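A quick write-up on the structure given underneath.
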Amino acid sequence: MVPYRVIGQPTPTDVVGKATGATRYTGDLWLPGMLWGAVLRSPFSHARILRIDTSKAERLPGVHGVMTGADVRGIRYGRRYKDVPVLAQDVVRYIGERVAAVAAEDAATADAAAALIDVEYEELPAIFDPIEAMREGALLLHPDVNSYDGLPEQLDPPSNAYARDVTTKGDVEAGFAASDVVVENEFTVARTHQAYMEPHACLAWADGEGKLQVWSATKAPHGLKQTLAAALGREEDSIRVNPVAIGGDFGGKGAALDEPLCCFLALRTGRPVRMVMGYTDELTAAAPRHAGVLRLKTGVKRDGTLLAHRIQVIFDGGAYGGLRPGANLAGAGHSAGLYRIPDVHIEVMRVYTNNLPGGQMRAPGSPQGFFAAESHIDCVARAIGMDPVEFRLKNLITEGDETTEGDRYRGVRARETLEAAVERAGYGAPKAPGVGRGVAMGFRAPGGGESAISVSMNPDGSVVVGTSVFEQGTGTYTTLRQCVAEELSMSPGDITMDVLDTDAMPFDSGIGGSRGTHIATGSAFQAGREAREEMLDLASDILEWPREELSLDGPNVVRKETGDRHPWARVLTRAGRAVRAEAVHKTTGRSPVTAFTAQVAEVSVDAETGEVKLLRFTTAHDVGTVLNPIGHQGQINGAVVQGIGYGLMEEVKVEDGRVTTTSFADFKIPTIEDLPGEFNTVLLEPAEGVGPYSIKGIGENPNPPVAPAIANAVEDAVGVRVRSLPITAEKVYRALASALHRPVG
């Protein structure tokens with residue numbers, strides 16, 4: 001590996017402002033004359049709006065504006081697939097949908113005014129099960145679906161299954177016919193919320209120069225700008241999204257929720273308007289990870305050779321589909337891609353129901369897909385009497401092999417990653433009764449995108465890195481400072497970040513898809529190197545030193561032959577200018593290099609109560625260059641903890657369209673008591689990666705295999721298979737009772 005001065009060194013992430021309270025979030029902002037926005041939400045899952053009377057709300061002192069669907073008729077927005085109304089138009093499709101909105105002098109007045117709006121509904125039949133929604137003759141929830149911008153393909157006839165991706169390889173039926181054993185399973189996965197600490201918030205103001213100024217807890221400010229321009233019918237250059245800190249994301253802060261409505265209220269009233277969702281609204285009307293049904297069928301020879309695999313994934317998209325980048329979730333489709341399987345049929349669908357809309361969450365589609373696929377792989381291994389680890393080792397892809405989706409990756413180290421995990425975990429060691437160990441794997445290549453970075457070296461000796469990436473807790477600013485420091489031979493602590501609005505920088509994709517480090521470090525490398533070269537050119541001219549002898553070392557230009565040193569700030573002072581470089585790094589599609597994860601969960605299961613305790617957890621990773629070991633380990637820790645929550649407890653519960661987990665008292669996330677007593681991380685020696693520093697993604701990869709590793713460990717402990725998430729004590733108890741033919745109760 002290339003030796004680095006800064007890259008690879010443990011560097012504390014940017015936490016001082018958060019720890020001291022100095023960091024300002026959207027909800028902390030205030031503008032003169034600012035109003036508060038509030039929303040009236042639907043109490044019905046599916047109903048026709050017959051009449052809306054806003055007169056009482058309009059007469060309430062302190063109210064400056066009231067809006068209904070009639071004021072935004074025909075406007076639908078979304079990230080790419082545009083089916084989300086700003087306010088319900090003629091019909092509501094889920095409990096919690098926005099029906100009307102109010103802007104008032106303070107939050108209490110806005111809430112009171114919203115409650116005064118009188119709406120008459122005609123309740124309609126509702127569909128809550130995506131399987132039922134797909135049946136022939138089912139009530140069509142979006143009759144105009146073919147008119148929506150971004151629909152992947154026209155539906156003939158129109159259907160609630162609005163997105164369908166099919167991948168085939170070989171002849172799957174012939175593969176099943178040639179198999180000695182065929183195993184079928186159906187798995188279900190629950191909705192889960194991203195559980196960021198800061199709820200969605202936005203502030204909009206139409207300034208005196210015709211510019212719409214927006215502040216939002218969004219990880220994709222340029223994407224928000226595009227969404228707002230389309231929804232408002234304005235030119236993009238008439239909208240500026242201003243920088244602000246984000247209090248957590250995990251995928252949930254990429255889509256516009258209240259932002260279009262907030263802008264309309266600001267334009268209606270001529271005053272700044274702020275909207276902040278309470279956490280009850282977050283849990284009942286935001287955009288959680290999708291629930292779904294996953295059906296798998298796999299054919300195998302007695303010697304363990306995989307021959308055929310079919311997977312059908314049916315995601316409950318809820319009432320609207322525009323709250324994620326694409327109409328479908330691709331992550332589920334490659335969940336069996338770890339294995340050599342010649343005959344494959346993959347079908348992934350997203351279906352409208354009258355539940356709350358699904359959105360984006362860490363490694364979208366992959367946690368659902370890998371839970372089903374890696375649980376199912378254990379079932380296939382057990383069906384032929386083979387150890388699950390031995391079965392995986394026999395079938396894992398190696399260099400040159402094709403995945404189930406037809407991709408080929410360079411530098412494949414799936415086998416080595418699994419071997420490292422099971423060795424560190426002591427997978428084959430003796431264990432007590434009621435204790436089990438389970439293995440699961442995953443992989444995810446970083447996504448493509450575009451990022452712009454500027455680097456300025458100034459006469460006062462400062463170095464400033466400009467970006468329009470809004471930091472949401474992943475340590476991106478620290479990584480960017482490291483990259484620029486590497487190219488300028490400086491300390492990261494001597495470099496300042498300047499977070500810029502969307503007018504000041506070219507388009508940036510924002511954080512997501514494990515691409516932040518992948519893309520942004522490419523542009524930081526380019527801008528840093530260009531600034532260095534221009535600085536040395538200028539120094540050569542002014543100091544009359546030979547260009548080929550010059551280098552940078554901290555605050556100085558160094559002449560290698562003589563050892564003379566001269567502060568580069570003085571060079572810039574003599575030149576009367578700064579040195580500034582700007583670079584845009586863009587990649588399309590997923591990387592040809594991927595990263596593998598293998599995990600081993602060790603659990604104890606109480607056969608009397610079904611309680612599952614996570615005793616040990618081992619996670620092994622195939623890595624490239626680790627830019628910052630502190631941030632890298634932090635991503636692993638956080639992803640695993642989220643995976644534990646997904647596997648054992650987290651569920652946004654919905655009964656007939658109504659969310660019943662309306663606070664963190666009901667929606668449980670892991671605490672320190674739920675974490676394993678022993679947590680081990682294994683990093684393979686760095687290998688080929690992508691970009692100038694040869695890196696691999698880490699933000700999403702540790703998350704998807706956690707739940708299936710736990711499920712597999714539970715079966716190993718007590719011999720029952722739980723096929724639905726989360727794996728609660730009640731589900732384990734019922735499975736044990738069924739296996740032992742004992743009554744439940």
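The values are calculated or read from the model by the stated rules, or taken from the named source; none is laboratory data. Being a predicted model, the structure only gives us computed values, none of them experimental. Heads up, the Cβs are rebuilt from the backbone with ideal geometry, glycines too, and the neighbour counts pull from every protein chain shown.
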What about A103, is it farther than 30 Å from G317 by Cα, surrounded by 21 or more Cβ atoms within 10 Å (Cβ to Cβ) and touching a helix residue (DSSP H, G or I) at 6+ places or on another chain (Cβ under 7 Å)? yes
Taking the range 559-572 and the residues there that are in contact with a helix residue (DSSP H, G or I) (Cβ under 6 Å, 6 or more places away or on another chain), among the charged types (D, E, K, R) and not in a strand (DSSP E or B), the one that is surrounded by the fewest Cβ atoms within 10 Å (Cβ to Cβ) would be E561
Restricting to the range 108-150, name every residue that is without any contact (Cβ under 8 Å) to a residue 60 or more places away in the chain, crowded, with 17+ Cβ neighbours inside 10 Å and within 23 Å of R41 (Cβ to Cβ). A112
Whether any residue in the range 284-292 is at pLDDT 95 or above, among the charged types (D, E, K, R) and closer than 30 Å to R164 by Cα is what I want to check. yes
So which residues in the range 573-628 are in contact with a Ser or Thr (Cβ under 7 Å, 6 or more places away or on another chain) and part of a loop (DSSP other than H, G, I, E, B), if there are any at all? A578, D622, G624, T625, L627, N628
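Is one or more of the residues making up the range 681-688 of a type in the set (V, I, T) and free of Cβ contacts under 8 Å to residues at least 12 places away in the same chain?
Going residue by residue through the range 681-688, those that are of a type in the set (V, I, T) are 681-682.
This time we only want the ones that are free of Cβ contacts under 8 Å to residues at least 12 places away in the same chain, so: none.
No - not one qualifying residue is present in the range 681-688.
Conditions (1) under 25 Å from N355 (Cβ atoms); (2) assigned to a strand (DSSP E or B), marked per residue:
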residue: D156; (1), (2): no, no
residue: A163; (1), (2): yes, yes
residue: V214; (1), (2): no, yes
residue: A230; (1), (2): no, no
residue: G247; (1), (2): no, no
Hey, any hits in the range 363-381 for a residue that's aromatic (F, W, Y), crowded, with 23+ Cβ neighbours inside 10 Å and either under 29 Å from E419 (Cα atoms) or without any contact (Cβ under 8 Å) to a residue 40 or more places away in the chain (or both)? yes
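Restricting attention to the range 264-317, which residues are of a type in the set (S, T, N, Q) and over 22 Å from the mean Cα position of the chain (by Cα)?
Let us first name the residues in the range 264-317 that are of a type in the set (S, T, N, Q), namely 269, 280, 284, 298, 305, 312.
Passing the criteria: T269, T298, T305, Q312.
Considering only the range 442-506, give the strands (runs of 3 or more DSSP E) lying wholly within it that have at least 3 residues that are over 24 Å from the mean Cα position of the chain (by Cα) and among the aliphatic types (A, V, I, L, M). Give the steps one after another, and end with the answer.
Numbers: elements: 449-457, 463-467, 495-499.
Fully inside the range 442-506 and qualifying: 463-467.
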Subset of the range 501-531 [of a type in the set (A, V, I, L, M), surrounded by fewer than 19 Cβ atoms within 10 Å (Cβ to Cβ) and at pLDDT 95 or above]: none
Go through (1) surrounded by 24 or more Cβ atoms within 10 Å (Cβ to Cβ); (2) under 18 Å from I246 (Cα atoms); (3) at pLDDT 95 or above for G466 and report which single condition fails. (1)
So V464 fits all but one of (1) touching a Ser or Thr at 6+ places or on another chain (Cβ under 9 Å); (2) of a type outside the set (D, E); (3) more than 21 Å from R529 (Cβ to Cβ); what number is the exception? (3)
Looking at the range 37-83, which of the residues that are under 29 Å from the mean Cα position of the chain (by Cα) and not in a loop (DSSP other than H, G, I, E, B) is farthest from L267 (Cα to Cα)? R41
Give the residue that is nearest to E688 (Cα to Cα), with candidates limited to residues of the range 1-20 that are at pLDDT below 90 and in a loop (DSSP other than H, G, I, E, B). M1
